[in-house]
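Enquirer: First the structure, then my questions, so here it is.
The values are calculated or read from the model by the stated rules, or taken from the named source; none is laboratory data. Fair warning: this is a prediction, and the values are worked out from it, not measured in the lab. Virtual Cβ from ideal backbone geometry, glycine too; neighbours counted across all protein chains shown. Ligands, DNA and RNA are stripped out before the accessible areas are found, and what is left, the full protein with its side chains, is counted by its heavy atoms. Shrake-Rupley method; radii C 1.70, N 1.55, O 1.52, S 1.80 Å.
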Amino acid sequence: MSIAQSCPPGSSDPARSAAVEGPEPTLAKIARDFHDIFDHAADAMIIHDLDGALLEVNRAACDRLGYTRDVLLQKRVADLLAPEALEGFLQGVERLRTDGYGQIDSDIITRDGGRFTAEVAARVVEFCGAPAVLAIARDIGRHREAAEEIRQARDTQAAIAAILRLALEDTPLDELLGGVLQLMMSVPWLGVERRGVIFLASRDAPVLERRASYGLEPPLRAMCERVPFGRCHCGRAAASGAMHVGKALHENVYDGVQPHGHCTVPIRMGGVTLGVITTYLAPNQELKPEQVEFLRAVSDTLAGVLARRRAEEERERAGEQLRQAQKLDALGRLAGGVAHDFNNVLSVILGTAEAACAELRPEDPLRDDLDEILRSGRRGADLTRQLLAFCRREVSRPEILCVSDVVSGLERMLARLIGENLTLTTKRSGDLRPVSIDRAQLEQVIVNLVVNARDAIHDSGEVTIAVSDGAPESGRSGVAGGSHLRLTVTDTGRGIAPEILPHIFEPFFTTKENGKGTGLGLAMVHGIVESAGGEIDVTSSPGVGSTFCVRLPFTEAGETPRPPKRPASMRAPVKATVLIVDDEPGLRRVAARLLARAGWNVLEAVGKDALAVSRAHAGSIELLLSDVVMPDISGPRLAEALRAERPGLRVVLMSGYPDPALAGPQVLPPDVPLLHKPFRKQELLAAAAAAIG
């Protein structure tokens, strides 16, 4: 049956006319049934002539296009097509003339101005006795949307998989971020300009640092090296933690930069901003929800990767700190044991040399040799103290100090130390709150930093020591995060190369020539500052100079600096007797000689023999000077035994161990002073006189 047999009522269809007259009722019924099928088909069906004039339409066509049947039959096909689809329609009609059948996808315009994409299957038929085109149009827009959603989901999954693959391959971070940007720019439906940046938040300050960029003009790339939180679109997204879209032009205009908007998505994990991803938009461009979701998915994935890497870095850093602490502990124990024997030897050398010097005339040529021995011995003692301070085995005696006063007391000596070709400038504030630190160790810190500054200056220059009130620093924890004292030593020297800075406080690391540095000076400074509860860091620019900054916590309110004690007289009281007990014969003899020349009556003994010597001595014994560690009895136990026999006996203990805990389990009496070996003549005499005075 031809389409002509289904012409609508009122047409010149002979079959319908015959049906009215009645000779062929079966054919008329078939025609009506066929028209009902046509009218109730689910797809839109249109019959038009070869010039595009509409001849018949079904209900689905009317409903989908929004017209009544009468109005729609007054239209032409060209009235229903999107302008860009018209040329394809004309080409399709030409193919129909030759092939009789064709299929094409066209964008169709509805009565209210909307549009949809239809898959149109067309065939040339006979309608009412003339050639016509039967076009069946199926709305495939929803199918296309579903397919597009599937494609977008696949692209998103592929992007996330690529990011995770780069992360699992331990790709260097900057390379990984650059790969993420390149991947994003390759997604055709994302709809952004092929320009973008990934910033990461600095760990030291609320600042974004550019780590990867794609397609940025050089001026913009230079201006976006560091962006503070809160500034510009990127900084505002970082500060707020929310996505920020700037549809207007960028607020800062630079030469050579094309106008653009922004879409900035923060990279966040656990409520903390780790960075931002910024893509560039055309002015006034809006992103579709699926595009925003893609950016969020990339951001969330990148947040997980960054958080994992940070956790790994923290674990690695903690492990390294543990290994370093274990090394320091082992080195400290070794150093403590060596120091005991070495300090005994140094005590003998220094004491003998000092005693010999006292016997010589000033012009005696032997004095030069003895002076050299004394200098070398003191240098050995200094090296031992530096090593022990670095290992944190040196005994610390904190006191409440005004740092400005300590700097003032050192100023003249420091000026001589740096030489006439350098200028020493001090900036002190006298009304700062005090700190709690060992005075000698604080002086060591200042002297070491000044010597380090001096050695960094080749010819002439300036060394500046400044003491000030350090305000809490935003984004910092620890001492720097609260009110603290700030001590800085700045030089105008050659500066420190960036690759050297991370190692500057490492033990035995030095940039000085062989033989001119031990590599323990700054390590010792670092150990002293940390043991006092403080922090130290360094900033430097090659060719400009360096600044070492020491931060120390203030003491509790109400504590005030105590003035240093006046040295006691080093002369012995009349007829005072001292019992010297040590298992090192050389040290015992030197101490006996120095005390005897100062007017003391001297008794000597080894270990437990001191009990017999004491009992055999008929006179009084005012002072016991004993080593802490001896083979057969400890100094504290000996002191306890002798005090039981001689009430009122004063005691001074000596030790070559930097920390009494290293010497064994014995506890030192709280009222007994400890004299550290190696000691000088003045220290020995002062300790003895102070004990009984």
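Enquirer: Within the group Gly475, Gly543, Gly470, Gly533, which residue is open to solvent by less than 30 Å² (accessible area, probe 1.4 Å) and either of a type in the set (Gly, Ala, Ser) or at pLDDT below 85 (or both)? Steps first, answer last, please.
Expert: Values: Gly475 fails: open to solvent by less than 30 Å² (accessible area, probe 1.4 Å); Gly543 fails: open to solvent by less than 30 Å² (accessible area, probe 1.4 Å); Gly533 fails: open to solvent by less than 30 Å² (accessible area, probe 1.4 Å).
Just a single option satisfies the conditions, and that option is Gly470.
Enquirer: Still on this structure: Output the residue which, of all residues in segment 358-394 that are within 30 Å of Cys549 (Cβ to Cβ), open to solvent by 40 Å² or more (accessible area, probe 1.4 Å) and in a loop (DSSP other than H, G, I, E, B), is modelled with the highest pLDDT.
Expert: Just the residues of segment 358-394 that are within 30 Å of Cys549 (Cβ to Cβ), to begin with: 379, 381-394.
Now restrict to residues that are open to solvent by 40 Å² or more (accessible area, probe 1.4 Å): 379, 382-383, 385, 387, 392, 394.
If we keep only those that are in a loop (DSSP other than H, G, I, E, B) as well, we get 392, 394.
Numbers: Arg392: 53, Glu394: 56.
Ranking the qualifying residues of segment 358-394, first place goes to Glu394.
Enquirer: For segment 172-209, name all the residues that are assigned to a strand (DSSP E or B) and more than 15 Å from Tyr280 (Cα to Cα).
Expert: Matches in segment 172-209: Leu200, Ala201, Val207, Leu208, Glu209.
Enquirer: Right, here's the next one. Considering only segment 210-241, how many residues are within 16 Å of Leu274 (Cβ to Cβ), assigned to a strand (DSSP E or B) and either more than 19 Å from the chain's Cα centre (by Cα) or among the small types (Gly, Ala, Ser) (or both)?
Expert: 1
Enquirer: On to the next question. Would you check if Gly114 is touching a Ser or Thr at 6+ places or on another chain (Cβ under 9 Å) and modelled with pLDDT of 80 or more? Quick ask: steps written out before the conclusion?
Expert: On the way: touching a Ser or Thr at 6+ places or on another chain (Cβ under 9 Å): no; modelled with pLDDT of 80 or more: yes.
No.
Enquirer: List pairs: first in segment 406-419 and in contact (Cβ under 8 Å) with a residue 12 or more places away in the chain, second open to solvent by 50 Å² or more (accessible area, probe 1.4 Å), Cβ under 6 Å, 6+ apart or cross-chain?
Expert: Pairs found: Val407/Arg428; Ile418/Arg454.
Enquirer: So, of the residues in segment 199-227 that are farther than 17 Å from Arg310 by Cα and of a type in the set (A, V, I, L, M, F, W, C), which turns out to be surrounded by the fewest Cβ atoms within 10 Å (Cβ to Cβ)?
Expert: Once the filter is applied, the top-ranked residue is Ala222.
Enquirer: Ala480 versus (1) modelled with pLDDT under 80; (2) assigned to a loop (DSSP other than H, G, I, E, B); (3) under 18 Å from the mean Cα position of the chain (by Cα): which is the lone unmet condition?
Expert: (2)
Yes/no per residue for (1) at negative phi; (2) buried (at least 17 other Cβ atoms within 10 Å of the Cβ); (3) outside any strand (DSSP E or B):
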| site | (1), (2), (3) |
| --- | --- |
| Ala61 | yes, yes, yes |
| Glu84 | yes, no, yes |
| Gly88 | yes, no, yes |
| Asp105 | yes, no, no |
| Ala122 | yes, yes, no |
| Glu126 | yes, no, no |
| Pro131 | yes, no, no |
| Arg144 | yes, no, yes |
| Glu148 | yes, no, yes |
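Enquirer: Out of the residues in segment 547-583 that are in a loop (DSSP other than H, G, I, E, B) and open to solvent by less than 70 Å² (accessible area, probe 1.4 Å), which is modelled with the lowest pLDDT?
Expert: This residue is Ala568.
Enquirer: Condition (residue is within 23 Å of the chain's Cα centre (by Cα), in a strand (DSSP E or B) and modelled with pLDDT of 85 or more) applied to segment 514-527: is it met by at least one residue?
Expert: no
Enquirer: So, one more: Restricting to segment 139-154, what's the tally of residues that are free of Cβ contacts under 8 Å to residues at least 60 places away in the same chain and closer than 14 Å to Trp189 by Cβ? So that I can check it myself, show each step before the final result.
Expert: Step one: of segment 139-154, the residues free of Cβ contacts under 8 Å to residues at least 60 places away in the same chain are 140-148, 150-151, 153-154.
Narrowing further to those that are closer than 14 Å to Trp189 by Cβ: 144-145, 147-148, 150-151, 153-154.
Summing the residues that are free of Cβ contacts under 8 Å to residues at least 60 places away in the same chain and closer than 14 Å to Trp189 by Cβ in segment 139-154 gives 8.
Enquirer: Now for a separate question. Residues of segment 604-645 being more than 21 Å from Leu674 (Cβ to Cβ), out of contact with any Asp or Glu (no Cβ under 7 Å at 6 or more places or on another chain) and surrounded by 13 or more Cβ atoms within 10 Å (Cβ to Cβ), which ones?
Expert: Asp609, Leu611, Val613, His617
Enquirer: Shifting gears a bit: Can you name every residue in segment 420-438 that is over 15 Å from Leu485 (Cα atoms) and touching a helix residue (DSSP H, G or I) at 6+ places or on another chain (Cβ under 7 Å)? Talk me through it step by step, then tell me what you get.
Expert: Applying the first criterion (over 15 Å from Leu485 (Cα atoms)) to segment 420-438 yields 420-426, 438.
Scanning segment 420-438 gives Leu422, Leu424, Thr426.
Enquirer: Considering each of Ala330, Ala325, Ala335 in turn, give the residue that is within 44 Å of the chain's Cα centre (by Cα), modelled with pLDDT under 80 and surrounded by 16 or more Cβ atoms within 10 Å (Cβ to Cβ).
Expert: On the way: Ala330 fails: surrounded by 16 or more Cβ atoms within 10 Å (Cβ to Cβ); Ala325 fails: surrounded by 16 or more Cβ atoms within 10 Å (Cβ to Cβ).
Criteria check complete, one pass: Ala335.
Enquirer: I would also like to ask the following. Could you tell me which of the residues Arg115, Arg76 is on the phi < 0 side of the Ramachandran plot, open to solvent by 20 Å² or more (accessible area, probe 1.4 Å) and more than 60 Å from the chain's Cα centre (by Cα)?
Expert: Numbers: Arg115 fails: more than 60 Å from the chain's Cα centre (by Cα).
The unique qualifying residue is Arg76.
Enquirer: Residues being touching a strand residue (DSSP E or B) at 6+ places or on another chain (Cβ under 7 Å), open to solvent by less than 60 Å² (accessible area, probe 1.4 Å) and either among the aliphatic types (A, V, I, L, M) or modelled with pLDDT of 85 or more (or both): count how many of those fall in segment 283-303.
Expert: 6
Enquirer: Shifting gears a bit: Ala596 fails exactly one of the following numbered conditions: (1) small (Gly, Ala, Ser); (2) under 17 Å from Glu645 (Cα atoms); (3) open to solvent by 40 Å² or more (accessible area, probe 1.4 Å). What is the number of that condition?
Expert: Against the list (1) small (Gly, Ala, Ser); (2) under 17 Å from Glu645 (Cα atoms); (3) open to solvent by 40 Å² or more (accessible area, probe 1.4 Å), Ala596 comes up short only on (2).
Enquirer: Does Val120 qualify as being more than 60 Å from the chain's Cα centre (by Cα) and at pLDDT 90 or above? Lay out the reasoning, then the answer.
Expert: Values: more than 60 Å from the chain's Cα centre (by Cα): yes; at pLDDT 90 or above: no.
So Val120 fails the test.
Enquirer: Scan segment 276-301 residue by residue and report those that are touching an Asp or Glu at 6+ places or on another chain (Cβ under 8 Å) and within 22 Å of Glu217 (Cβ to Cβ).
Expert: At the first step, the residues of segment 276-301 found to be touching an Asp or Glu at 6+ places or on another chain (Cβ under 8 Å) are 279-282, 290, 294.
Thr279, Tyr280, Leu281, Ala282, listed by residue number.
Enquirer: Cβ-Cβ below 7 Å, separation at least six or inter-chain, first residue in segment 159-184 and closer than 13 Å to Phe294 by Cα, second part of a helix (DSSP H, G or I) and among the small types (Gly, Ala, Ser): which pairs?
Expert: Ile160/Ala297; Leu183/Ala159; Leu183/Ala162
Enquirer: May I ask you to say which residue of Ser213, Ser186, Ser240, Ser202 is closer than 30 Å to Glu149 by Cα, of a type in the set (S, T, N, Q) and at pLDDT 85 or above?
Expert: One residue alone meets the criteria, Ser213.
Enquirer: Next question, about the same structure. Test of understanding: among Thr464, Thr423, Thr490, which residue is surrounded by fewer than 17 Cβ atoms within 10 Å (Cβ to Cβ), among the polar types (S, T, N, Q) and not in a loop (DSSP other than H, G, I, E, B)? Break it down into steps so the answer makes sense when it comes.
Expert: Working: Thr464 fails: surrounded by fewer than 17 Cβ atoms within 10 Å (Cβ to Cβ); Thr490 fails: surrounded by fewer than 17 Cβ atoms within 10 Å (Cβ to Cβ).
Testing whether each residue is surrounded by fewer than 17 Cβ atoms within 10 Å (Cβ to Cβ), among the polar types (S, T, N, Q) and not in a loop (DSSP other than H, G, I, E, B) leaves just Thr423.
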